[in-house]
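Since the structure comes first, as C-alpha cells, the remarks are kept for the end.
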Amino acid sequence: MKPQIVMENWQGRHNDDPEQSRERLLDGKTYRDLSTILVVPTRGTIAARVVQCWMNLMPPMNQRFMRMFLIGMEVGEAYNAAVETILAHPELSKWKYMVTLEDDNMPPPDGLINLYKGMDQFDVVGGPYWTKGEGGQPMIYGDPKSFPKSFIPQVPQAEEGLQECNGLGMGFNCFKIDIFRKVPRPWFKTLQQYTPGQGAQVYTQDLYFFQEAAKCGFRFACDTRIKVGHFDANNDLIW
C-alpha cells in the first residue's frame, strides 16, 4: 500500500451517486422474487470444461434456486418432464422462472443475473450461442416484423441488447413459469410430418414450443450482451 493521508470519506462509493446505484439495483431485479429452477437435460456425462464454467455461474443472492438434471431422455421429453414436475410440485409451482441450460453450453459468470433484466419486456429471454462449425449460425430465429412469419436465423444486431425474435435455441434461456399454464401440452415436440395439401412440417423441440407460445401472444428475445460458448468435445473447441 502506498503512503497516503486519509481524511473523512465515510459515505462510500455506492453512496456517491445514489440514483445510479438505485437504477443498477432496479435493473438487476435483485429485490424481486427471482426463484429459479435450472433445468439441464443430459446424456449423463458432462465435459469438465463445461462443469468448471457452470461452477462460476452466479445465482441471484438470497433467492430460492435449485438445479434439476434430466438424464438419458429424448430432449423434448426431458423438457416436458421438467415442466410437468414443476407444475405438479406444491412448492416449485409457485416459483417464478425456469432456466434451461444444455450440457455443452457455457454461459458467462454473470449470465444468469443478466437474463432477468429482460423479463419485464419479454416472456422468454435467451443468451446467444452459435451452431458448431466454421459455418456456425446464431440461434436467434426469425424477425417478428417480417411477413410471412419465419424462423430464418437473424444476424445479431450491431448495438448489443435485447433483440426480439420468433424463437431461440434452448441452450441458455429464462422462461416465466406461468406461460406453461397457457401454452397447450405437449410444450416441446420434435416434429417431422407431411400433410397432403399442406406440405412438410419439420421442427426441433425448441421451435415447436416457440411457434405454439407465439399463438398465445407471448414474446421472446435474445440478449446479445450475454455471450454463451458452445463446447465441441470432439475437437476440444468452444464455438
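Assorted remarks:
- Matching residues, segment 135-170, being in contact (Cβ under 8 Å) with a residue 24 or more places away in the chain, part of a loop (DSSP other than H, G, I, E, B), of a type outside the set (A, V, I, L, M, F, W, C) and under 15 Å from residue 225 (Cα atoms): 156, 157, 160, 161
- If only residues of segment 59-78 that are touching a Leu at 6+ places or on another chain (Cβ under 8 Å) and not in a loop (DSSP other than H, G, I, E, B) are counted, the one that is surrounded by the most Cβ atoms within 10 Å (Cβ to Cβ) is 78.
- Checking each residue in segment 64-94 for being within 19 Å of residue 45 (Cβ to Cβ) and aliphatic (A, V, I, L, M) picks out 68, 70, 71, 73, 75, 78.
- Residues satisfying the stated conditions in segment 1-33, i.e. surrounded by 11 or more Cβ atoms within 10 Å (Cβ to Cβ) and over 30 Å from residue 67 (Cβ atoms): 14, 17, 21, 22, 23
- Filter result for the condition that a residue is acidic (Asp, Glu) and within 12 Å of the chain's Cα centre (by Cα), over 134, 102: 102
- Any hit, segment 42-54, residues being more than 15 Å from residue 171 (Cα to Cα), among the small types (Gly, Ala, Ser) and touching a residue at least 40 places away in the same chain (Cβ under 8 Å): yes
- Any hit, segment 45-65, residues being in contact with a Ser or Thr (Cβ under 9 Å, 6 or more places away or on another chain), modelled with pLDDT under 95 and charged (D, E, K, R): no
- Figure legend. Inter-residue proximity from segment 10-23: first residues touching a residue at least 24 places away in the same chain (Cβ under 8 Å), second residues of a type in the set (Val, Ile, Thr) and assigned to a loop (DSSP other than H, G, I, E, B), beta-carbon distance below 7 Å, spacing 6+ or different chains. No pairs are indicated.
- Residue in segment 34-54 that is over 26 Å from residue 188 (Cα atoms), among the hydroxyl-bearing types (Ser, Thr, Tyr) and surrounded by 15 or more Cβ atoms within 10 Å (Cβ to Cβ) present: no
- Scan of segment 96-126 for residues that are outside any strand (DSSP E or B) and either farther than 21 Å from residue 25 by Cα or among the acidic types (Asp, Glu) (or both), ordered by number: 102, 103, 104, 107, 110, 120, 123
The values are calculated or read from the model by the stated rules, or taken from the named source; none is laboratory data. Quick caveat: nothing in here was measured; it's all calculated off a predicted structure. No Cβ is skipped: glycine too gets one built from the backbone with ideal geometry, and neighbour counts run over all protein chains shown.
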